[in-house]
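The next block holds one structure in the form of structure tokens; read it before the comments.
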Amino acid sequence: MRILLCSYAFAPGTGGIETVSRILAEQFVRLGSTVTVVTSTPGEPDSAEYRVVRRPSWKQLRQLARASDLVFQNNISLQSLLPLLSLRKPVVITHQTWIARVNGRRSWQDYLKLAILPLCHNIAISGAVAAALPVKAPVIGNPFDPGEFQAPREGARGNSLVFLGRLVSDKGCDLALRALSLLKADGICPSLSIIGDGPELPALKALTADLGLTDQVVFLGSLGKGRGKEVARHAIMVIPSRWAEPFGVVALEGLGAGCVLVASSAGGLPEAVGPCGILFENGDAGALAAALRTLLADPALQDRLASKSARHLEQFQPETVANQYLDVFQADLRR
């Protein structure tokens with residue numbers, strides 16, 4: 001099968017869509033397909049396994065689509081979709097997030113996207129995203145990188161917490177710090193490693209000092225390669241998103257590295273957490289502190305939750321996810 005994979009963001013970026021697109025491109029090739037990736041992200045020349053075309057013109061995009069059997073959009077992008085609709089090529093769109101602005105309102109671009117959906121085959125990364133779409137969309141969860149995030153859980157890892165993600169307000173890292181302060185007032189003093197970078201870094205460092213947590217908190221930066229090994233040093237991953245996450249690959253990464261999870265409960269994040277963690281209400285630092293208090297006081301509960309992760313992660317293995325996609329692609333080509 002010749003697949004044109006449209007991913008607005010791609011390597012060398014390191015976000016969720018970039019990671020998922022890279023994993024799927026690699027797996028499609030491994031399973032026998034020919035893949036061309038088109039992206040708006042600047043970077044190095046083509047991969048050895050598949051071609052990468054960066055910032056193509058409309059004419060070049062249409063030529064690439066004509067040479068392909070199927071167009072696959074990993075998250076809908078009008079920039080790469082509109083030039084292709086008149087070609088009558090099968091188009092499959094994976095919805096990685098809500099079709100709305102961060103505040104929940106919709107722009108004219110969002111309404112145009114919604115109008116286009118019936119012309120395409122749609123996939124959702126979670127049941128929560130599927131329920132928000134006006135068209136039928138089977139659910140295929142995102143894959144994670146088991147090569148980077150894998151570690152045996154070797155006994156107790158102490159009272160150690162880790163946050164992994166972009167340091168932006170939506171990700172709620174400040175809630176983790178406020179929860180840590182509440183625990184400290186009760187004499188519970190776990191350490192917290194913060195892996196990530198972003199515009200909130202100065203404010204988070206200032207908050208750490210204001211709350212008297214500088215002896216418990218370390219900021220490690222984005223790290224890049226080796227993040228999985230660092231995550232694996234910790235017992236509990238904290239995912240305190242204020243925003244209703246559409247899914248949450250970071251949860252799979254934490255589980256793959258051997259952590260148990262404490263995560264916010266809105267959106268599709270609970271589907272990524274599965275039976276391997278404790279959920280709390282978005283934005284509630286007190287509820288986060290209570291969930292952490294429960295886990296920190298009960299190593300046996302940590303072990304029970306961790307024991308469920310291997311089975312939960314089976315459905316998110318790269319080859320498993322890629323085969324699900326290829327089944328959808330084949331069915332679309334036969335229509």
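Could you work out the per residue convex hull volume over the alpha carbons of region 1-111, in cubic angstrom? Working shown, then result.
Values: hull volume 11.6 nm³, N = 111.
Cα convex hull per residue, to the nearest whole number: 105 Å³.
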Q: Describe numerically, in nm with one decimal, the distance between label points set 7 Å from Cα along Cα→Cβ at R304 and at M1.
A: 4.2 nm
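Starting from the Kirkwood Rh over alpha-carbon pairs, what translational D in µm² s⁻¹ does region 47-127 have by Stokes-Einstein at 20 °C and 1.002 mPa s?
The estimated diffusion coefficient comes to 154 µm²/s.
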Q | Dipole-positive endmost among L252, S265, A203 within region 160-313 (Cβ charges, Cα centre) | A | L252
Q.
Given Cβ point charges of +1 (Lys, Arg) and -1 (Asp, Glu) and nothing else, what value in debye, to the nearest 20, does the dipole of region 160-313 about its Cα centre take?
A. 400 debye
Q.
Is the C-alpha gyration tensor of region 160-313 telling us rounded, prolate or oblate? Criteria: a/c under 1.5 is rounded; beyond that, a/b larger than b/c is prolate, otherwise oblate.
A. rounded
**Q.** Kirkwood Rh, Cα atoms: Rg over Rh of the chain
**A.** 0.99
(Q) Between L87 and E314, how high is the FRET efficiency from 1/(1 + (r/R0)^6) when r is the Cβ-Cβ distance and R₀ = 45 Å? Nearest 0.05. (A) 0.75
**Q.** Label-point separation in nm, S222 to S40, each point 7 Å along Cα→Cβ
**A.** 1.8 nm
Q. What size of dipole, in debye to the nearest 20, comes out for the chain about its Cα centre when the only charges are +1 on Lys and Arg C-beta atoms and -1 on Asp and Glu C-beta atoms?
A. 1140 debye
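Which of the pairs K113/K136; K59/K89; K184/K229 have their Cα atoms more than 19 Å apart in this structure? Provide the component values of the computation, followed by the final result.
Numbers: K113/K136 15 Å; K59/K89 15 Å; K184/K229 27 Å.
Beyond 19 Å between Cα atoms: K184/K229.
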(Q) What distance in nm lies between label points placed 7 Å from Cα along the C-beta direction at L114 and R293? (A) 4.3 nm
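FYI, it's all coordinate maths here, none of it is from the lab. Note that the structure is predicted; figures quoted are calculated from it, not measured. Here the Cβ is made from the backbone with ideal geometry for all residues, glycine too, and neighbour counts use every protein chain on show.
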